[in-house]
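The values are calculated or read from the model by the stated rules, or taken from the named source; none is laboratory data. What you see is a predicted model; the values in this text were computed from it and never measured. Positions of Cβ are generated from backbone atoms using ideal geometry, with glycine treated the same way; all protein chains shown enter the neighbour counts. For accessibility, only protein heavy atoms count, side chains too; no ligands or nucleic acids. Shrake-Rupley method; radii C 1.70, N 1.55, O 1.52, S 1.80 Å.
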Amino acid sequence: MDATGVAVVTGASRGIGRAVARELAARGFDTVATMRDVSAGEDLPMRVERLDVTDPSSIRLPDGLRVLVNNAGVERPHHPFEATPADDWRAMFETNVFGLIEVTKRAIPLMRASGGGVICNVTSSSLFAPVPFYSPYRASKAAVSALGESLRTELAPFGIRLVEIMPGPIETDMLAGSEEPPAALDHEAYRPMAQRSHDLRGNVKGSYTPVAEAAVAIVDAICDDDGPLRYGCDPMSVGLLEMWRTTPDEDLMTMMSQGWLGSWS
Ligand SMILES: NC(=O)c1ccc[n+]([C@@H]2O[C@H](COP(=O)([O-])OP(=O)(O)OC[C@H]3O[C@@H](n4cnc5c(N)ncnc54)[C@H](OP(=O)(O)O)[C@@H]3O)[C@@H](O)[C@H]2O)c1
């Protein structure tokens, strides 16, 4: 697509969203960086508007909308499944799934009126691996992945393309948070796996991608008219996506789980 019309990014106060808003504006889109607290966007060279994806009254999208980047997302401490508070499940689904749904519902008629556009959902490359203690986060991203498949078909007649970005480790506050010892370490029965999981995280540390690089890949995907549904935006996610495309699903999950099971298997 050519870089004309309005592009809206959710969760643009920091991290991937902020970098994507900058990149969209640099390419020529009339970009609106939306965020919960607009003071975080004071230094951004574009329109900044308040939008909390969990507060429907704050969701106001402009006419002429051609690109929506559903980036806003949250994580909660990673407990074992049996110990994860229901409120943590709800909080992740409230933002990562229901918030995204509400924004997208409102974007679709505006994009139809604009003659088409791109909806870009940010999920996670964690969907390629059976990561222990990540059930709620991965389940929320899997829900977005599934609804994106249906939407891609449903919206094609209107010239609206659905793109899913599945980031690997990108240097943001969220990634820094996941470097902390996992909450699962507090649960004795799960401590060996939690420790192993923490150690494995350490191995990935040299493979972090700066947000600006990820943003270039994300906007390239948005502009890639005849491209696929799913994209990585960093070397690790690009490699995992390729592995996922070429390896039978059960084999991939079994292979991946060995990392966490280690000597337990
Ligand atoms: N970084 C990675 O390695 C990585 C990997 C895989 C997937 N992802 C996904 O990439 C996306 C961006 O993550 P990030 O790493 O940039 O995270 P981040 O640095 O923690 O930023 C998250 C952004 O989401 C916003 N947000 C949270 N709740 C919101 C709400 N209710 N309404 C509007 N905005 C809200 C935050 O706003 P506040 O400033 O107001 O909190 C912030 O702007 C997320 O969907 C995440 O799941 C990231």
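Would you confirm, using the coordinates I've provided, whether SER126 is within 15 Å of GLU75 (Cβ to Cβ) and outside any strand (DSSP E or B)?
On the way: within 15 Å of GLU75 (Cβ to Cβ): yes; outside any strand (DSSP E or B): yes.
Considered against the rule, which asks whether it is within 15 Å of GLU75 (Cβ to Cβ) and outside any strand (DSSP E or B), SER126 comes out as yes.
If only one of GLU149, GLU94, GLU154, GLU180 is open to solvent by 40 Å² or more (accessible area, probe 1.4 Å) and part of a loop (DSSP other than H, G, I, E, B), which one is it?
Numbers: GLU149 fails: part of a loop (DSSP other than H, G, I, E, B); GLU94 fails: part of a loop (DSSP other than H, G, I, E, B); GLU154 fails: part of a loop (DSSP other than H, G, I, E, B).
Just one listed residue meets the conditions, GLU180.
Yes/no matrix, rows are residues, columns are (1) of a type outside the set (A, V, I, L, M, F, W, C); (2) in contact with a Phe, Trp or Tyr (Cβ under 8 Å, 6 or more places away or on another chain):
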residue	(1), (2)
ARG27	yes, no
SER58	yes, no
GLY64	yes, no
ARG76	yes, yes
THR84	yes, no
PHE98	no, no
PRO109	yes, no
VAL122	no, no
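Taking the stated definitions as given, is LEU175 outside any loop (DSSP other than H, G, I, E, B) and closer than 29 Å to HIS79 by Cα? Break it down into steps so the answer makes sense when it comes.
Values: outside any loop (DSSP other than H, G, I, E, B): yes; closer than 29 Å to HIS79 by Cα: yes.
So LEU175 fits the description; yes.
Filter the stretch 212-238 down to the residues that are open to solvent by less than 40 Å² (accessible area, probe 1.4 Å), in contact (Cβ under 8 Å) with a residue 60 or more places away in the chain and in a helix (DSSP H, G or I) and list them by number. Spell out the reasoning first.
Narrowing the stretch 212-238 to residues open to solvent by less than 40 Å² (accessible area, probe 1.4 Å): 214-215, 217-219, 221-223, 227, 229-234, 237.
Subset that is in contact (Cβ under 8 Å) with a residue 60 or more places away in the chain: 214-215, 218-219, 221-223, 227, 229-234, 237.
ALA214, ALA215, ILE218, VAL219, ALA221, ILE222, CYS223, SER237 - these are the residues of the stretch 212-238 that are open to solvent by less than 40 Å² (accessible area, probe 1.4 Å), in contact (Cβ under 8 Å) with a residue 60 or more places away in the chain and in a helix (DSSP H, G or I).
Could you tell me how many of the residues in the stretch 220-251 are out of contact with any Pro (no Cβ under 9 Å at 6 or more places or on another chain), among the charged types (D, E, K, R) and over 19 Å from ARG152 (Cβ atoms)?
Going through the stretch 220-251 one residue at a time, the tally reaches 4.
Residues in the stretch 6-24 that are open to solvent by less than 30 Å² (accessible area, probe 1.4 Å) and more than 18 Å from ALA176 (Cβ to Cβ): how many?
Matching residues across the stretch 6-24 total 9.
Say we look at the stretch 247-260 and pick out the residues that are part of a helix (DSSP H, G or I) and free of Cβ contacts under 8 Å to residues at least 40 places away in the same chain; which of these is nearest to the chain's Cα centre (by Cα)? Walk me through it before giving the result.
Step one: list which residues in the stretch 247-260 are part of a helix (DSSP H, G or I), which gives 249-260.
Pick out the ones that are also free of Cβ contacts under 8 Å to residues at least 40 places away in the same chain and you get 249-251, 254-255, 258.
Details: ASP249: 21, GLU250: 24, ASP251: 25, THR254: 24, MET255: 24, GLN258: 25 Å.
Taking the candidates together, the pick is ASP249.
As an exercise: evaluate ILE101 against (1) within 15 Å of the chain's Cα centre (by Cα); (2) surrounded by 18 or more Cβ atoms within 10 Å (Cβ to Cβ) and give the number of the one condition it does not meet.
Of everything listed in (1) within 15 Å of the chain's Cα centre (by Cα); (2) surrounded by 18 or more Cβ atoms within 10 Å (Cβ to Cβ), ILE101 misses just condition (2).
Among (1) within 15 Å of the ligand (Cβ to nearest atom); (2) surrounded by 21 or more Cβ atoms within 10 Å (Cβ to Cβ), there is one condition TYR190 misses while meeting the rest; what is its number?
Every condition holds for TYR190 apart from (1).
Determine, yes or no, whether SER57 is within 28 Å of ALA176 (Cβ to Cβ), more than 17 Å from the chain's Cα centre (by Cα) and part of a helix (DSSP H, G or I). Give the steps one after another, and end with the answer.
Details: within 28 Å of ALA176 (Cβ to Cβ): no; more than 17 Å from the chain's Cα centre (by Cα): yes; part of a helix (DSSP H, G or I): yes.
Taking the combined requirement at face value, the residue does not satisfy it.
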